[in-house]
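Structure record follows, encoded as structure tokens.
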Amino acid sequence: MGILIPLVSVSAFWAIIGFGGPWIVPKGPNRGIIQLMIIMTAVCCWMFWIMVFLHQLNPLIGPQINVKTIRWISEKWGDAPNVINN
Amino acid sequence: MGDYVTPGEEPPQPGIYRSEQMCLAQLYLQSDASYQCVAELGELGLVQFRDLNPDVSSFQRKYVNEVRRCDEMERKLRYLEREIKKDQIPMLDTGENPDAPLPREMIDLEATFEKLENELREVNKNEETLKKNFSELTELKHILRKTQTFFEEVDHDRWRILEGGSGRRGRSTEREETRPLIDIGDMDDDSAARMSAQAAMLRLGFVAGVIQRERLPAFERLLWRACRGNVFLRTSEIDDVLNDTVTGDPVNKCVFIIFFQGDHLKTKVKKICEGFRATLYPCPDTPQERREMSIGVMTRIEDLKTVLGQTQDHRHRVLVAASKNVRMWLTKVRKIKSIYHTLNLFNIDVTQKCLIAEVWCPIAELDRIKMALKRGTDESGSQVPSILNRMETNEAPPTYNKTNKFTKGFQNIVDAYGIATYREINPAPYTMISFPFLFAVMFGDMGHGAIMLLAALFFILKEKQLEAARIKDEIFQTFFGGRYVIFLMGAFSIYTGFMYNDVFSKSINTFGSSWQNTIPESVIDYYLDDEKRSESQLILPPETAFDGNPYPIGVDPVWNLAEGNKLSFLNSMKMKMSVLFGIAQMTFGVLLSYQNFIYFKSDLDIKYMFIPQMIFLSSIFIYLCIQILSKWLFFGAVGGTVLGYKYPGSNCAPSLLIGLINMFMMKSRNAGFVDDSGETYPQCYLSTWYPGQATIEIILVVLALVQVPIMLFAKPYFLYRRDKQQSRYSTLTAESNQHQSVRADINQDDAEVVHAPEQTPKPSGHGHGHGDGPLEMGDVMVYQAIHTIEFVLGCVSHTASYLRLWALSLAHAQLSDVLWTMVFRNAFVLDGYTGAIATYILFFIFGSLSVFILVLMEGLSAFLHALRLHWVEFQSKFYGGLGYEFAPFSFEKILAEEREAEENL
């Protein structure tokens, strides 16, 4: 569920821009250029986002952090549920 | 009748997707109307005239005299302009754009300029003469004033000497030398001695004049030596600064008077004065005469001042009147000259008394061109209409892409690589987004992107003022000309900075990190207790620390804190992204080449170039992209069953690079990650990771390799076969397969003759010889070989080339981090007021270095690399770039160039 929400919402955002944006461009000599720019922007930005998202979907390695910073993370961001504090 | 479109002519397409449709047209202009017609076309700026007299030298052309007359007028106007600037009169530049004058108005302009120049030269000459006279009279005035003092001094000295008796005293050498004159008289009688002395003094001669002050010492020494001390020199400085009568420069001068005896010395003295360029003036002997002369000189000086003032006023009025019109006159003269230059390109039809011109012009603008011709004909009063006759030609037309202030920057980027072949796809529309986007992938940082965006916004919002200011700095002009490119680069950099989660090398935890601490508190305390252990780094295990939901937008901020392996993570991500973006762009380029082949109806190119290229690209590189996506989706830190194989854990995640190499080497690899007994293979990351992978990859490699000979030989073979067939049936083909239609437009009172060919537009930019002349098999083979090798090797090297997206991004991020760590962070170590001051100073240093190094230098670097990715990696897939630019005859361009050349002087 935590994966689907950003996947759907961000993709929908760019889909609305990429498919819907060209329709609202007013008629004029530069309409074609503007439409092309909107579509290309949507495609490029969505591609960039989905690549970063997929790369972090199944991480192969974990972050290697200083112990002091780990304590800071523990205090600020909280601990994982399965931490056993003895 | 409705819109007339000839067969084979496409309906007009908007925008800059392709270059405009061009046609070659012949103009028949009546001699008396040709000037006005060309003037109208110059205002329009939509036709490019061809030179129909290339063999005729410049001096033999018809209108060379008119061009010379225009040059002379231009010279006179420049002379006027120089005089106006010398007097520091402000020149009126209304930005007005007057029409090109009629030929008869040219005669009026010539007369006006001639009169103005002559009047100005006469005034200047008069002024020069008057100034010379004024200067001479001023010098004479000073001489008369100073010499009065000289004479009084001399008389007093001499009488004092006489009254002092005849005894010799220790006086100056000059005085001693004059004593023999006194001894001439009879010493016995005192009265007689006085008379003798007076008579002796009366025999002394003198000359008076003016000399430059710096020449005086040498002048004095030479006089003394040449005359052996027998002269008496007195000098006095002139307080006023006089002007040199020749150069007009200020000069300091002295008045001098020389007393001597005898004509011999007089001659010698005068020659010395001439040698030193001293000016001698007549000077009366008696005080009364001197006083009268002085009064006369003063009167004449006052008169001269009045006349000189009036002369200067007159000159000023002439220049002020001219300054109101000089700019407009220059514009008119330049237009006339360009018209006659253009008329020199025409052919003269002697029998029909008309001029024939050939022009390239956009088909979409033919109506406007006809209207311009009609206006020109009407203005000249000619009764015969001008005829525009469209012609058919095999010559490649020039390439014309209509641009505006926004698209011009991107079109320039493309045109710098090569002008598009006529009617081939223009890369500029796609470059408008992909160029700033790829730049941003390399440059991505929200802070630096914001700086760039704000700078571009300043240029855009102030663009009218900055254009009017006409700043001449070349670097500024480059930035200003590219302000829209910079704007998009800045905007996309903010986006990619958000994706990288990078603001001046720092991250923001907007959505809450997906990573949490999994290390027990006791373990942390154990590490922190010992000073040595507290420097250790621990790894948060992805199996437990990662909550399963990726950070929604961008990179998780935990990786900014992961000092140990941040680069491993980010490099892996960025390299994969580079490959995906690169192959996407290259594939898009190949698809665009398909659009070109469709347009030029090159069936051979579609079947034996486009399809093999797509198969080659798909078999290897798109397959690589699929592998990247699969690795992202299916392989994580947690073990399990993946695609039918048992997957132990992250150490067995397949290595794509080595896998690609093994694919080509066709090396036998283990299937799956564990053997039959459940034991993991030693190098499990080298195994195949889906069933049948080895077989599939062999098929793909063979499929790719098969495309190479197809690309190499198929097209030349079929061209050869077609050529043989055509030669066999050539006798059966009609000589001419064209028909001609003539259409008279009664309303517009002009005529258009259209040669409508049966064929569709030919790919004239491609030198494949489609039915044009004999087929050169050698050339075709060489061309095809080069193209095939370029594509095949290009795919490999270009994929590697796109890795620069990762490399530049890494460099930018690391430089930014160094700047933060080594410069600004030092301020936070200090406490108290020292810390406050240090923060202020170090922030200034940090800001300056950020702008100059990271925004300007790194920005330029990323710009150049994005440029290369577009010119080589993208455009080589579809872009010929073999055209030449449409250079219309346009007054606006000509005047802009003249103005620019003028400002550079």
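The values are calculated or read from the model by the stated rules, or taken from the named source; none is laboratory data. Keep in mind the model is a prediction, meaning the values are calculated, not measured. A quick note on method: Cβ atoms are made from the backbone with ideal geometry, for glycine too, and the neighbour counts reach across all protein chains shown. Only protein heavy atoms, including side chains, enter the accessible area calculation; ligands, DNA and RNA are left aside. Shrake-Rupley method; radii C 1.70, N 1.55, O 1.52, S 1.80 Å.
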Checklist entry - Does A:Gly18 satisfy being without any contact (Cβ under 8 Å) to a residue 60 or more places away in the chain and on the phi > 0 side of the Ramachandran plot? => result no
Checklist outcome for this item: A careful count of residues in segment B:807-826 that are over 19 Å from B:Leu561 (Cβ atoms), open to solvent by 60 Å² or more (accessible area, probe 1.4 Å) and not polar (S, T, N, Q) gives 1
Checklist entry - On the given criteria, is B:Gly15 of a type outside the set (D, E, K, R), out of contact with any Cys (no Cβ under 6 Å at 6 or more places or on another chain), at pLDDT 80 or above and surrounded by 14 or more Cβ atoms within 10 Å (Cβ to Cβ)? => result no
Checklist entry - Given (1) assigned to a loop (DSSP other than H, G, I, E, B); (2) open to solvent by 80 Å² or more (accessible area, probe 1.4 Å), where does B:Gly636 come up short, assuming only one miss? => result (2)
Next on the checklist: All but one of (1) within 12 Å of chain A (Cβ to nearest Cβ); (2) closer than 20 Å to B:Ile853 by Cα; (3) among the aliphatic types (A, V, I, L, M) hold for B:Ile451; state the number of the condition that does not hold.
Outcome noted: (1)
Checklist entry - Does B:Glu521 fit the bill of being within 47 Å of the chain's Cα centre (by Cα), over 15 Å from A:Leu60 (Cβ atoms) and surrounded by fewer than 20 Cβ atoms within 10 Å (Cβ to Cβ)? => result no
Item to check | Test: B:Ser650 is surrounded by 15 or more Cβ atoms within 10 Å (Cβ to Cβ), small (Gly, Ala, Ser) and under 47 Å from the mean Cα position of the chain (by Cα) | outcome: no
Checklist outcome for this item: How many residues of segment B:572-604 are open to solvent by 10 Å² or more (accessible area, probe 1.4 Å) and within 11 Å of chain A (Cβ to nearest Cβ)? The answer is 10
Item to check | Residues satisfying the stated conditions in segment A:10-46, i.e. more than 8 Å from chain B (Cβ to nearest Cβ) and of a type in the set (S, T, N, Q) | outcome: A:Ser11, A:Gln35
Checklist entry - Does B:Phe664 meet the test of being in contact with a helix residue (DSSP H, G or I) (Cβ under 7 Å, 6 or more places away or on another chain), without any contact (Cβ under 8 Å) to a residue 40 or more places away in the chain and part of a helix (DSSP H, G or I)? => result yes
Checklist entry - What residue, among those in segment B:95-133 that are loosely packed, with under 14 Cβ neighbours inside 10 Å and hydrophobic (A, V, I, L, M, F, W, C), is farthest from B:Glu43 (Cα to Cα)? => result B:Ala111
Item to check | Residue among B:Ser668, B:Ser618, B:Ser568 that is open to solvent by 20 Å² or more (accessible area, probe 1.4 Å), among the hydroxyl-bearing types (Ser, Thr, Tyr) and within 13 Å of chain A (Cβ to nearest Cβ) | outcome: B:Ser568
Checklist entry - Of all residues in segment B:551-561, how many are at the interface with chain A (Cβ under 7 Å from one of its Cβ atoms) and closer than 17 Å to A:Gly78 by Cα? => result 5
Next on the checklist: Quick check on A:Leu57: is it outside any helix (DSSP H, G or I), aliphatic (A, V, I, L, M) and under 13 Å from the mean Cα position of the chain (by Cα)?
Outcome noted: yes
Checklist outcome for this item: Residue count, segment B:43-69, condition assigned to a loop (DSSP other than H, G, I, E, B), of a type in the set (Ser, Thr, Tyr) and open to solvent by 40 Å² or more (accessible area, probe 1.4 Å), comes to 1
Checklist entry - Just wondering, is there one or more residues in segment B:837-854 that are open to solvent by less than 60 Å² (accessible area, probe 1.4 Å) and either among the charged types (D, E, K, R) or not in a helix (DSSP H, G or I) (or both)? => result no
Item to check | Pairs where the first residue, in segment B:517-546, is free of Cβ contacts under 8 Å to residues at least 24 places away in the same chain and at the interface with chain A (Cβ under 7 Å from one of its Cβ atoms) and the second is buried (at least 19 other Cβ atoms within 10 Å of the Cβ) and of a type in the set (Phe, Trp, Tyr), C-beta under 8 Å, 6+ apart | outcome: B:Ser534/B:Tyr527; B:Ser536/B:Tyr527; B:Leu538/B:Tyr527
Checklist entry - Can you tell me which residue in segment B:399-416 is most open to solvent (accessible area, probe 1.4 Å), limited to those that are among the hydroxyl-bearing types (Ser, Thr, Tyr) and farther than 17 Å from B:His870 by Cα? => result B:Thr403
Next on the checklist: Filter segment B:194-252 down to the residues that are of a type in the set (D, E, K, R), in a helix (DSSP H, G or I) and either under 60 Å from the mean Cα position of the chain (by Cα) or modelled with pLDDT under 70 (or both) and list them by number.
Outcome noted: B:Arg194, B:Arg213, B:Glu214, B:Arg215
Item to check | Filtered residues of segment A:47-78 (kept if touching a residue at least 12 places away in the same chain (Cβ under 8 Å), facing chain B (nearest Cβ under 7 Å) and closer than 30 Å to B:Tyr17 by Cβ) | outcome: A:Trp49
Checklist entry - If we scan segment B:856-864, do we find a residue that is in contact (Cβ under 8 Å) with a residue 24 or more places away in the chain, open to solvent by less than 20 Å² (accessible area, probe 1.4 Å) and of a type in the set (D, E, K, R)? => result no
Checklist outcome for this item: Within segment B:389-427, residues at pLDDT 85 or above and outside any loop (DSSP other than H, G, I, E, B) come out as B:Thr399, B:Thr407, B:Gly409, B:Phe410, B:Gln411, B:Asn412, B:Ile413, B:Val414, B:Asp415, B:Ala416, B:Tyr417, B:Ile425
Next on the checklist: It is to be established whether one or more residues within segment B:670-687 are farther than 24 Å from B:Pro541 by Cα, at pLDDT below 85 and part of a helix (DSSP H, G or I).
Outcome noted: no
Checklist entry - Would you say A:Ile39 is in a helix (DSSP H, G or I) and in contact with a Pro (Cβ under 7 Å, 6 or more places away or on another chain)? => result yes
